[in-house]
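**Student:** There's a structure below that I have some questions on.
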Amino acid sequence: MATATEPLLVLAPANPGIVRLVGDTPGPDDAETLIRTLYAEHGRSLLAYATRLTGDRAAAEDVVQETLVRAWKHAGDLTTGRGSVRGWLLTVARNIVTDRARARAVRPAEVADVVDRPPVQSDHSESVVNTMVVMDALDKVSPEHRDVLVQLYYRGRSVAEAAKELGVPPGTVKSRSYYALRALRAVMAGTEAEVSR
Amino acid sequence: MNEHDRTQLGAYALGALEPGEVAEVDEHLATCAECRAELAELEEMKDFLGEVPPEAFLEGPPEGGDLLLQRTLREVREVREASAEPPMPVPVKRSRSRWLMVAAAALVVVGGALGGGVALGRSTAPPQATEPAAGYKEVTAIDTTTGAKMATTVEPRTGWSWVQVQVTGLKAGDQCQLLVTDSAGKTWTAGSWVVSEKAAKNGSTFGGGVLVPLDKVHSVEIRTLQGRHVVTATI
Ligand SMILES: [Zn+2]
């Protein structure tokens, strides 16, 4: 996929889960590599999210396409952005969905088209940093802690279900979920220092 | 649960306990202020988690082929051919470090030789541009009522702006939000944070982005999450 002259994604040994794109001045191949890499790593997450927000697979694909193109155009901004690239992409996708919904809302003929779709949370749609800050914090807690939060919170599993899924006793799931929330709190408390430069 | 069993509280806060267990915890909470306080802190974290959609934890490419990828690549090629200038970041210096990018991703090493640079964790990431991007605006404002002082820098990005503030006169524990009002009068949130003790003493630095171009940025305000005005800078 990449040759020695293209940017490389290099695993950061001290911080698993975080990779870094390293290379020379971007050229044509870099753009293609960037898009391919983002698509391979974040495509499923982005498309699923956009599909839920739009309620329409075709519209969601358009949103993902535009999100990736924006990521390429703003590759320089990604370097200064806070939080993970995943958080950045999801935020941009959400903003695109919101902008399109607003644009449609001013054209009455198409309003009926959107009423029965899940509403976009407009109070969130303008916040650029929050999703990224929380994703960043989740990147900083241990994988065991992150896994248990994903199971219990994001997947809505019970302790027993999560225990089965993670292959640990239920008691461990309980204590881990407690320590995971404490760890997250510690990371969030330190976010201010991380955010400042 | 007759005695403190804090390890139950995490799963309780996340709504993952069985009904019988919930009843036990409820019974203890009714009599224990300490655990109630602890629970309140855990529930606050649960609210933070709500900022991230569940889809954020799906990995890999979309299912069902790469038509979407091909379409996207085609668009990128077309845009690139249409513009002589590569749509890359603000011209600082064409250096290698400019093209560093931190990405949270699956543990994947894309092929090729290690020709680029040294991999670093986020915590050791080099500071990006120490100078704000060209064309930035800088305003310092003092609020005589609240006593807060704020140095504000607004940097242009492509179609949006990066806002950086340095605020003194905040109290430790203050939950602040950075709000940007555009020239049409619409207010955007560029992020929120909690003031640490150190920051209360030395000044609190925070930055966030908003999808408002620099020339449309009218003012930058710090307000607490409880709605208390702290300081406003008119750009
Ligand atoms: Zn107790």
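The values are calculated or read from the model by the stated rules, or taken from the named source; none is laboratory data. Because the structure is predicted, anything quoted here is derived from the model rather than measured. All Cβ positions, even for glycine, are placed from backbone atoms using ideal geometry, and neighbour counts span all protein chains on display. For accessibility, only protein heavy atoms count, side chains too; no ligands or nucleic acids. Shrake-Rupley method; radii C 1.70, N 1.55, O 1.52, S 1.80 Å.
**Student:** From B:Glu85, B:Glu63, B:Glu3, which residue is modelled with pLDDT under 95, more than 16 Å from the ligand (Cβ to nearest atom), open to solvent by 20 Å² or more (accessible area, probe 1.4 Å) and more than 8 Å from every other protein chain (Cβ to nearest Cβ)?
**Tutor:** B:Glu85
**Student:** Being within 15 Å of the ligand (Cβ to nearest atom) and modelled with pLDDT of 95 or more is the filter; apply it to the stretch B:6-20 and report the residue that is nearest to the other protein chains (Cβ to nearest Cβ).
**Tutor:** Out of the qualifying residues, it is B:Gly10.
**Student:** Being under 24 Å from A:Ala75 (Cα atoms) and surrounded by fewer than 17 Cβ atoms within 10 Å (Cβ to Cβ), is that true of even one residue in the stretch B:140-156?
**Tutor:** No, the stretch B:140-156 contains no residue that is under 24 Å from A:Ala75 (Cα atoms) and surrounded by fewer than 17 Cβ atoms within 10 Å (Cβ to Cβ).
**Student:** What residue, of A:Val19, A:Val63, A:Val69, A:Val92, is outside any loop (DSSP other than H, G, I, E, B), over 16 Å from B:Glu55 (Cβ atoms) and modelled with pLDDT of 90 or more? Full working, then the answer.
**Tutor:** Numbers: A:Val19 fails: modelled with pLDDT of 90 or more; A:Val63 fails: over 16 Å from B:Glu55 (Cβ atoms); A:Val92 fails: over 16 Å from B:Glu55 (Cβ atoms).
None of the other options fit; the residue is A:Val69.
**Student:** Oh, and also: Can you tell me which residues in the stretch B:6-21 are surrounded by 13 or more Cβ atoms within 10 Å (Cβ to Cβ) and not aliphatic (A, V, I, L, M)?
**Tutor:** Step one: filter the stretch B:6-21 for residues surrounded by 13 or more Cβ atoms within 10 Å (Cβ to Cβ), giving B:6-14, B:16-18, B:21.
B:Arg6, B:Thr7, B:Gln8, B:Gly10, B:Tyr12, B:Glu18, B:Glu21, listed by residue number.
**Student:** Taking into account only those residues within the stretch B:160-184 that are in a loop (DSSP other than H, G, I, E, B) and out of contact with any Leu (no Cβ under 7 Å at 6 or more places or on another chain), which is most open to solvent (accessible area, probe 1.4 Å)?
**Tutor:** B:Lys171
**Student:** Evaluate the following for B:Glu51: is it closer than 30 Å to A:Ile35 by Cβ and away from the ligand (no atom under 15 Å from the Cβ)?
**Tutor:** For B:Glu51, the condition - closer than 30 Å to A:Ile35 by Cβ and away from the ligand (no atom under 15 Å from the Cβ) - is met.
**Student:** Being surrounded by 13 or more Cβ atoms within 10 Å (Cβ to Cβ) and not aliphatic (A, V, I, L, M) is the filter; apply it to the stretch B:27-40 and report the residue that is nearest to the chain's Cα centre (by Cα).
**Tutor:** Going residue by residue through the stretch B:27-40, those that are surrounded by 13 or more Cβ atoms within 10 Å (Cβ to Cβ) are B:28-29, B:32, B:35-36, B:38-39.
Subsequent filtering for residues that are not aliphatic (A, V, I, L, M) retains B:28, B:32, B:35-36, B:38.
Details: B:His28: 37, B:Cys32: 35, B:Cys35: 30, B:Arg36: 29, B:Glu38: 25 Å.
It comes out as B:Glu38.
**Student:** Looking at B:Glu43, B:Glu24, can you tell me which residue is within 15 Å of the ligand (Cβ to nearest atom), surrounded by fewer than 20 Cβ atoms within 10 Å (Cβ to Cβ) and either within 16 Å of A:Leu184 (Cβ to Cβ) or in contact (Cβ under 8 Å) with a residue 12 or more places away in the chain (or both)? Walk me through how you get there before you give the answer.
**Tutor:** Details: B:Glu43 fails: within 15 Å of the ligand (Cβ to nearest atom).
Sole residue among the options that is within 15 Å of the ligand (Cβ to nearest atom), surrounded by fewer than 20 Cβ atoms within 10 Å (Cβ to Cβ) and either within 16 Å of A:Leu184 (Cβ to Cβ) or in contact (Cβ under 8 Å) with a residue 12 or more places away in the chain (or both): B:Glu24.
**Student:** Considering each of B:Thr205, B:Thr187 in turn, give the residue that is open to solvent by 20 Å² or more (accessible area, probe 1.4 Å), closer than 22 Å to B:Asp47 by Cβ and within 12 Å of another protein chain (Cβ to nearest Cβ). Please lay out each step first, then the result.
**Tutor:** Values: B:Thr205 fails: closer than 22 Å to B:Asp47 by Cβ.
Exactly one of B:Thr205, B:Thr187 is open to solvent by 20 Å² or more (accessible area, probe 1.4 Å), closer than 22 Å to B:Asp47 by Cβ and within 12 Å of another protein chain (Cβ to nearest Cβ), namely B:Thr187.
**Student:** Restricting attention to the stretch A:157-170, which residues are of a type outside the set (Ser, Thr, Tyr) and within 8 Å of chain B (Cβ to nearest Cβ)? Give the derivation first.
**Tutor:** Filtering the stretch A:157-170 down to residues of a type outside the set (Ser, Thr, Tyr) leaves A:157, A:159-170.
If the condition is that a residue be of a type outside the set (Ser, Thr, Tyr) and within 8 Å of chain B (Cβ to nearest Cβ), then A:Arg157, A:Val159, A:Ala160, A:Ala162 are the ones that fit.
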